[in-house]
Amino acid sequence: MKGVELIKLAKEAISSEFSGKKIRIPPYKELKEKRGCFVTLTKHGELRGCIGFPYPSIPLGEAIVQAARSAAFSDPRFPPVTEKELPNIKVEISILSVPEEVKPDPVNIEIGKDGIMCEYEGFSGLLLPQVAIEYKMNAEEFLRALCQKAGLPLDSWKEPGFKLWKFQAKIFKE
C-alpha cells in the first residue's frame, strides 16, 4: 500500500460527497487493520480542516474515508469545503501508533517524533507530531499549545490529574 493510494482514497471520499459516487476501499490487508489516523486538509498552504481518530477503533480504510469527509465538511473551525475549492485542496494523512500514557514532563516528548494528546477535567486535545516542527516549538511550548488546543490554561500540564499520551505518526503528503 503506497501513500499515493491513501491520498487518492481520501480525495475520492471528499469528492464523492459532490458526485454521489460510491467509494470502494481497496482490499489491501493494511486497510483492514484497525489504526488511528488523521486527515489534514490545506488550501494554499493554510489549514482548511483536520479530523481523525486517535485510537485504533475502526479499520484504516474506513478511518481515512470518515476522517477525510469530516475534515472537509464537519471541522467546526471552518465552513464546509465547496466543490469549487477541490482542485486547491491538498491532503495529508497521519497514521498513528497506539498512544502510550506518559508523565506530563517535557523530557518525555521527542520533538519531531512524538505527537501528544491530553485529558484533564473533561477537556481533551491532540497535536500531531508535525505541529511542533512547523511552529518551531520546544517540548514545553508543545505542551502549552496542547493545553491551549484543549481549551485549558497553558500550564495545566503541570497540574495533578493531567493525563498525557504520546504517539508517533507515519505521514503521507500530497
Residues whose placed amide H lies under 5 Å from that of G125, excluding near-sequence neighbours: C118
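When ranked by the protection proxy of mean other Cβ atoms within 10 Å per residue, highest first, what sequence do the peptides 110-121, 155-166 form?
110-121, 155-166
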Over the range 3-96: Kirkwood hydrodynamic radius from C-alpha pairwise inverse distances, Å: 13.0
Peptides 55-68, 78-91, 5-18 ordered by average Cβ neighbours within 10 Å, highest first: 55-68, 5-18, 78-91
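Once the other residues with Cβ under 14 Å from the Cβ of E101 are scored (Lys, Arg +1; Asp, Glu -1), what is the net sum?
-1
Counting Lys and Arg as +1 and Asp and Glu as -1, what is the net charge of the other residues whose Cβ lies under 10 Å from the Cβ of S19?
In short, -1.
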Scattering profile of the range 100-168 at q = 0.19, 0.24, 0.26 Å⁻¹ [log10 I(q)/I(0), Debye over alpha-carbon scatterers]: -0.60, -0.99, -1.18
Positive minus negative residues near L6 (Lys, Arg vs Asp, Glu; Cβ under 12 Å): +1
Calculated from backbone phi, Karplus (6.51, -1.76, 1.60) coupling profile of the range 42-57 in Hz, x at Gly/Pro: 10, 9, 6, x, 9, 4, 10, x, 7, 9, x, 10, x, 10, x, 9
Under 18 Å between alpha carbons - lysine pairs in the range 3-96 that sit 8 or more apart or on different chains: 14
Cα radius of gyration and Dmax for the chain (Å): 16.4, 50
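Just so you know, all these numbers are worked out from the coordinates, no wet-lab data involved. Since we're looking at a predicted model, the values are computed, not measured. Methodologically, a virtual Cβ is constructed for each residue, glycine included, from the backbone with ideal geometry; neighbour enumeration extends over all protein chains shown.
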